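Only one structure is covered here, and it is reproduced in the block below.
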Amino acid sequence: MKALGTLLRTEATVFRRDAMSMTFTFLFPILFILIFGAIMGNTGTGEGSRLGLVVLSGAERAALDAILAESALTVREMANPDELEAAVTANDVDFGAIWDGTALVFAYDVRRTQDNFTFEELARGLASRLDLAIQGRTSLLGVEVETEGGEPEADWLTLVIPGIVAFSVLSAGLFAVAGHLTSMKQRKLLDRLIVTPMRPCALLGAIVGVRLVVVVVSTFLTLGIATLVFGIAYDVSWPHYVAFVITATLGSIGLGAIIALVVRQPSSASSLANVLSMLMMFGSGIYFPVEVMPRFLQAASHAMPLRHMADAARYAVGVMDMSEARFWAICGSLLAGGLVLLPLLARYIVRADRR
Amino acid sequence: MTAILAVARTYVVTACRERETLFWFLVFPLLLLTLLALIFGNIGESGAMTYDIAVVNLDTAPGAAAAAGVVAALGQLSVAEGESRPLFRLHTAAADSDPGTFLAAELDALRIGRRAAVVEIPQGLSASIAAAAHGSVAAELAVRVHKSGGRTSSDMAASIVEDIVAQVDHSLLVRMGLYDEARALRVERLDLGANAETFSYVDFVVPGIAIMGLFVSGLFGVPGTILFGRERKVLRAYWVTPLDVPHYFAGFALGHLAICTIQLVCVWALGRFAFGAHVALFRPLPLLVLLLASVTFLAFGFLVASVARTANGGMALANIVNMPMMFLGGLFYPLGQLPSALRAIMMVNPVTYLGDALRGVTGTAAASFPLGVSLGVAAAWIVVCALVASWRLTWDVGR
């Protein structure tokens, strides 16, 4: 027990002094949220999209004004089409509209591939209402959209932050073994520890314990900053959240153990962990929805633990609904991965004879 | 000259032997280009997605034309055309099942992600529409589209269903003589920022990835080599030979440029042959911008190396500045409205100007800044970085 306490203190000090680990665990998620929150906060909802409007002289505008007044668009009126074109290409407005009384011309910046789908939808709705208004009609067949479960108004950032939380957990767990433990092995620190009465499981326990605390603090910081800076209110289910963080950390350490078992050099283990985490980050729907990916990437994403971790994190913070059975299946799989792989790690890695 | 070439060769060989360096210099830019091209290159194209949609028609009275129209329109999209998969996979209630029970079950399936949307056609919808048509007022009942919160696929499916219902509405108005096609609103499209006929996202992103590669090489390669070389006393071993700092620096810069060239060729080749990009990187003006970018980021790497005290500190600093500079440089998408603090970073960021200039001179997209301004900002960064590095950088421990 005393040995475990000493090891816990040592591991905590090592982590605190490791500038790289501190950067990736704490600073990376915060920077990401601050930058991307500012750049792409409302992406996907269209809410507050900025429309540049030019109404040419002599055009009847009452119907258009009434429709725009009811919309969620922020309208900025401009003097002429040239000014509008300059504003669209400089991103001073998101898209533009020129109304001459008979035709409605929508102007888009074609370089905004990721956003134009939303702007085109908004433009289609606007044109459709104006078309009917000109003929003195309203639509007969209306649509009411209702949201079942999850967060009804989830924008891109609201969905991404739980994904970042899941990625932080994965990174912390993966590099705890793949980077840290293999480095200890190479620097012969393990050899020196093993000749003491220390049991391998005490060392692994210390690593797991420190990483768990780090992950909890890191994920709280991430969610806290999202709430404070961007006003995102997550409806967190704490029992689910705690279960997710503990099992995901153990499961990620288990994944790191596989890397450490396969690759013995610390630099190679870190590289492989880097490559795998990068692949999973892009392929698991953390930044871009899986649904917009090509079919083979969508299929591949099912094999990535991070995709399921991100889904579980979204469920735990109330952004997305899923069945309780699926949530516990994800947590159970992660826990099982950790429990099976950690003893293997103790058996094969924390040994003096392995080089 | 021999010494300079030897140092350059050592730089290239070392970079190629180190797996982590190789990953960041070569694999990461190629991987990112592949992913971005695959993800955004075909956005909105048909056949990319099949949505599971449940249709619950509670308006089954004889002559319920509107309800039948919606069901038929959704049904048309559940039929495969050619080799592409259908847009919808429709789930409807069995003839002998209770519609209410079916709806409840489908809503449960929607909540947990097994359905992308549930379309509920309420009882009496068609009668309500007929009454509204005669009275020229809005119908009391509407088609209910249920979507699942927090799922992009559900948002997309609901949006498509809304479009389909709007089309059915249009055809109903025409059929009832309430809409005059001759007076229909003319809607046109104006594409700006690039030649819409030839523009593709891959063309936009290849110059961005090329600049990103040069940036990452300078930012991580220089502090990595100089600071670790200094800490492990590799540099000290050089200084006991006749090699002096200017010759070492010349060799280092030459090796760095060689690595950048390899990287550029690989990015261009992947873009060209795997994704059909048409970006003329290897012409005089683009090459000038690329050379300036390589030198700017080389100088920036020396700036980072000169302000860090240890190798680990240098790499941590590089990681900290990497993300804001890369993502606030508009390399992967044009930047929209930014808060003033981030806008300030964007406006002093050399990545912003070099990416913009490269797109401008390759003709892939309209440049936001005049070429002279972009080149001037990059040159100013080189001067500032060189001054700070020559003042602060120490080439040996304890020297």
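The values are calculated or read from the model by the stated rules, or taken from the named source; none is laboratory data. The structure displayed is predicted, hence computed values, not measured ones. Cβ atoms come from the backbone with ideal geometry, glycine included; neighbour counts cover every protein chain shown. Ligands, DNA and RNA are excluded from the accessible area calculation, which covers all protein heavy atoms including side chains. Shrake-Rupley method; radii C 1.70, N 1.55, O 1.52, S 1.80 Å.
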When you check residue A:94 against the structure, is it in contact with a Lys or Arg (Cβ under 8 Å, 6 or more places away or on another chain), under 14 Å from residue B:191 (Cα atoms) and not β-branched (Val, Ile, Thr), yes or no? yes
Could you grab me the full set of residues in the range B:174-194 that are in contact (Cβ under 8 Å) with a residue 12 or more places away in the chain and open to solvent by 50 Å² or more (accessible area, probe 1.4 Å)? B:176
Suppose the filter is open to solvent by 70 Å² or more (accessible area, probe 1.4 Å), in a helix (DSSP H, G or I) and within 22 Å of residue B:199 (Cα to Cα); does residue B:273 pass it? yes
For the range B:380-396, enumerate the residues that are open to solvent by 80 Å² or more (accessible area, probe 1.4 Å) and modelled with pLDDT under 90. B:390, B:391, B:392
Please give the number of the condition residue A:49 fails out of (1) open to solvent by 40 Å² or more (accessible area, probe 1.4 Å); (2) within 28 Å of the chain's Cα centre (by Cα). (1)
Which residues, counting only those in the range A:106-123, are within 26 Å of residue A:66 (Cβ to Cβ) and at the interface with chain B (Cβ under 7 Å from one of its Cβ atoms)? A:106, A:107, A:108, A:121
Mind checking which residues of the range A:126-156 are more than 7 Å from chain B (Cβ to nearest Cβ) and touching a residue at least 40 places away in the same chain (Cβ under 8 Å)? A:126, A:129, A:133, A:153, A:155, A:156
Given (1) touching a residue at least 12 places away in the same chain (Cβ under 8 Å); (2) among the small types (Gly, Ala, Ser); (3) surrounded by fewer than 22 Cβ atoms within 10 Å (Cβ to Cβ); (4) farther than 30 Å from residue A:143 by Cβ, identify the lone condition not met by residue B:171. (4)
Can you find, within the range B:122-168, the residue that is most open to solvent (accessible area, probe 1.4 Å) among those that are β-branched (Val, Ile, Thr) and at the interface with chain A (Cβ under 7 Å from one of its Cβ atoms)? B:152
Those residues of the range A:219-244 which are crowded, with 23+ Cβ neighbours inside 10 Å and either on the phi > 0 side of the Ramachandran plot or not aromatic (Phe, Trp, Tyr) (or both) amount to A:219, A:226
Within the range B:183-220, the count of residues that are modelled with pLDDT under 85 and either over 30 Å from residue A:124 (Cβ atoms) or of a type in the set (Val, Ile, Thr) (or both) comes to 1
Within the range A:101-121, how many residues are farther than 16 Å from residue B:194 by Cα, surrounded by 15 or more Cβ atoms within 10 Å (Cβ to Cβ) and more than 32 Å from the chain's Cα centre (by Cα)? 2
How many residues does the range A:18-60 contain that are of a type in the set (D, E, K, R) and modelled with pLDDT under 80? 2
When you scan the range A:188-206, do you find a residue that is at pLDDT 90 or above, under 30 Å from residue B:21 (Cα atoms) and open to solvent by less than 30 Å² (accessible area, probe 1.4 Å), even just one? no
So is residue B:71 out of contact with any Lys or Arg (no Cβ under 6 Å at 6 or more places or on another chain) and either without any contact (Cβ under 8 Å) to a residue 40 or more places away in the chain or closer than 30 Å to residue A:160 by Cα (or both) or not? no
For residues in the range B:12-43 being more than 27 Å from residue B:275 (Cα to Cα) and modelled with pLDDT of 85 or more, which is most open to solvent (accessible area, probe 1.4 Å)? B:13
Being buried (at least 19 other Cβ atoms within 10 Å of the Cβ) and either outside any helix (DSSP H, G or I) or not assigned by TED's automatic domain parsing to the domain that holds residue B:30 (or both) narrows it down to one of B:279, B:222, B:216, so name that one. B:279
Quick check: is even one residue across the range A:335-345 over 18 Å from residue A:248 (Cβ atoms) and modelled with pLDDT under 85? yes
Hey, any hits in the range A:131-153 for a residue that's open to solvent by less than 10 Å² (accessible area, probe 1.4 Å) and part of a helix (DSSP H, G or I)? no
Residues being touching a residue at least 40 places away in the same chain (Cβ under 8 Å), within 9 Å of chain A (Cβ to nearest Cβ) and closer than 20 Å to residue B:384 by Cα: count how many of those fall in the range B:315-355. 1
Select from the range A:73-92 the residues that are assigned to a loop (DSSP other than H, G, I, E, B) and at pLDDT 90 or above and list them in ascending order. A:78, A:79, A:80
Any idea how many residues of the range B:356-379 are of a type in the set (A, V, I, L, M) and within 11 Å of another protein chain (Cβ to nearest Cβ)? 3
Selection within the range A:59-85 - over 19 Å from residue A:49 (Cβ atoms) and polar (S, T, N, Q): A:80
Any residue in the range A:276-299 that is closer than 26 Å to residue A:7 by Cβ, touching a residue at least 24 places away in the same chain (Cβ under 8 Å) and either of a type in the set (A, V, I, L, M) or more than 12 Å from chain B (Cβ to nearest Cβ) (or both)? no
Could you check the range B:96-120 and list, in sequence order, the residues that are under 29 Å from residue A:140 (Cα atoms) and either in a loop (DSSP other than H, G, I, E, B) or away from every other protein chain (no Cβ under 13 Å) (or both)? B:98, B:99, B:100, B:101, B:102, B:115, B:116
Pairs please, first residue from the range A:334-347 and at negative phi, second anywhere and open to solvent by 60 Å² or more (accessible area, probe 1.4 Å), Cβ atoms under 7 Å, 6+ apart in sequence or on different chains. A:341/A:258; A:346/A:201
Residue count, the range A:29-40 (criterion: in contact (Cβ under 8 Å) with a residue 24 or more places away in the chain and within 16 Å of residue B:315 (Cβ to Cβ)): 0
Qualifying residue in the range B:134-153 (condition: within 27 Å of residue A:135 (Cβ to Cβ) and part of a helix (DSSP H, G or I)): yes
